[in-house]
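A short write-up of the structure that comes next.
The values are calculated or read from the model by the stated rules, or taken from the named source; none is laboratory data. Everything numeric here is computed off the predicted structure, so don't read it as measured data. Methodologically, a virtual Cβ is constructed for each residue, glycine included, from the backbone with ideal geometry; neighbour enumeration extends over all protein chains shown. Just the protein is used for accessible areas: all its heavy atoms, side chains included, with ligands, DNA and RNA removed. Shrake-Rupley method; radii C 1.70, N 1.55, O 1.52, S 1.80 Å.
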Amino acid sequence: MSEPDTGANAARTAHSYKQLKEDFVSNLSGGSVIEVAQVCAVAPVVTLLWSVLQSRQSFFKPYTPLGFVIDYLLNVGALLLSVTLYSSSPILLNILLLTAAAFVYAVPPSSSSKKKPARPSNAKSSTTTNPQGLSVLSTKPFLTNYRGNMLVVTCICILAVDFRLFPRRFAKVETWGTSLMDMGVGSFVYSAGIVASRPLLKERAEGKTTPLGTRLIRSFRHSLPLLALGVVRLLSVKGLDYAEHVTEYGVHWNFFFTLGFLPPFVALFQSALAVVPSYAGLAVLLSVGYQTVLETTGLKGWILVGVRDSLLSMNREGICSFWGYLAIFLAGQDMGMVVLPRSLGSSSKASGKVLLTKMGSWAAVWMGMYFLATDYKYGASLSVSRRLANLPYMLWVVAFNQGLLFAFAVVDVVFFPQFYSAGDARAEKEAYETATSRVLKAYNRNGLAVFLLGNLLTGLVNMTVPTLHAGGLATMGILVAYMGAVTGVAVGLDAWDVTIKL
């Protein structure tokens, strides 16, 4: 009697488990837009609680070990709960956090929380600063909180999605519908667009105009590391026979390729500003044009059901959806042109009110356009598709992020108005440090590097742990340890004043 071929059995078991994992993230239909909003509302609500603790009790100043633990539990732990244990009741979690904020606010403020005037700065002015050393651009606390929260949720979801505790309706939709992770990938691109507007604003302040050739060269330099990461991911996924969802981006394409090709195309589209003097206008025109092609040609059918018989057709999802992501990026740049410049010479109340008015107005405009594109009774009744990155998806991502950014800004202006009335660079820096979570600041500082670390650790966990067989307790233990490691590295890099540029 021959002995069983254990090697062949192991190979069959590994293949069946890989197929099980691929099936686990395939053919999903997502959830409602309202539920996604309820879950994501936890982020600004947590920021509200953090801000009450800081503004009323100076809880995080000085930044003690206890302060770090509470900072981590609020800005990481609460978001982790919102997509796991409280995934079916996000409203309850929001109510609990708001109740805690109300309780802290009711406690008399500590003496250390009273604002102290900052000493004048001796900083010299330049073409991009005023005599008080204040740049024409500012890194506002609510931007750090917004981007930091987006990165935290992204890092949580890329691993949590492989566990059964993470609801399937939060995972990426197969073709039509909305989900938390569909919003996450679009938000990553949108926030990158906000940051990308900073060098453009500096050029305007200095009265410079960079030639197209120079812009393209600079953009390719920025793209090379991202494209290299895309190649590394491609080789590692294929070489390790890692489970993958082909209809997400295609056979070879991945999100790093999308990020890598954005800069040169953005540089090209900047030349169109002479005709359409608005990044938001360019974003809408591009997305409407792409949607028109989808509806009037065979492109949509080819993307969804075409045969994969060439390099182009094998990667059709990633290549075609790129135009939708480019529109999202351009819309992010447009908002960056609004929120990054400072209002020099204005009082904190006036500058904060003007900023909120602009942001709220833009949020309303984008929400209105999303309604017109998707409403079945009064609009065009188009369906959202992240796979296509079509017009409704672009409008949903932009409108959602505009609203979320507005919520963070309201908390910022209400609880830390001193930032907007800072008279010099030193006072502004002190106000920024007071109003910003150290954990979120660390995530924001090395965002792409932290995201890459999250991807590496996600791969490591999936190669060593049968995630689909993990129970609830084991899942939470792994996720807490994983986020603790990611947060520890991010905070450590920030403490050592290390910035990794990719």
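Total residues in the stretch 354-399 satisfying the condition of being within 30 Å of residue 137 (Cβ to Cβ) and free of Cβ contacts under 8 Å to residues at least 12 places away in the same chain: the figure is 6.
Which one of 221, 204, 168 is surrounded by fewer than 21 Cβ atoms within 10 Å (Cβ to Cβ) and in contact (Cβ under 8 Å) with a residue 60 or more places away in the chain?
Working: 221 fails: in contact (Cβ under 8 Å) with a residue 60 or more places away in the chain; 204 fails: in contact (Cβ under 8 Å) with a residue 60 or more places away in the chain.
Every option except 168 fails the conditions.
Here residue 460 clears all of (1) out of contact with any helix residue (DSSP H, G or I) (no Cβ under 9 Å at 6 or more places or on another chain); (2) open to solvent by 30 Å² or more (accessible area, probe 1.4 Å); (3) over 28 Å from residue 502 (Cβ atoms) except the condition numbered (3). Looking across the stretch 61-83, the residues that are of a type in the set (Val, Ile, Thr) and either under 14 Å from residue 443 (Cβ atoms) or buried (at least 22 other Cβ atoms within 10 Å of the Cβ) (or both) come down to 76, 83.
Of the conditions (1) touching a helix residue (DSSP H, G or I) at 6+ places or on another chain (Cβ under 6 Å); (2) free of Cβ contacts under 8 Å to residues at least 12 places away in the same chain, residue 257 satisfies every one except a single condition; which number is it? For residue 257, the exception is condition (2). Applying the set (1) more than 21 Å from residue 471 (Cβ to Cβ); (2) surrounded by fewer than 22 Cβ atoms within 10 Å (Cβ to Cβ) to residue 143 leaves exactly one unmet item: (2). Restricting to the stretch 170-228, count the residues that are under 20 Å from residue 270 (Cβ atoms) and of a type in the set (Gly, Ala, Ser). Final tally of qualifying residues: 10.
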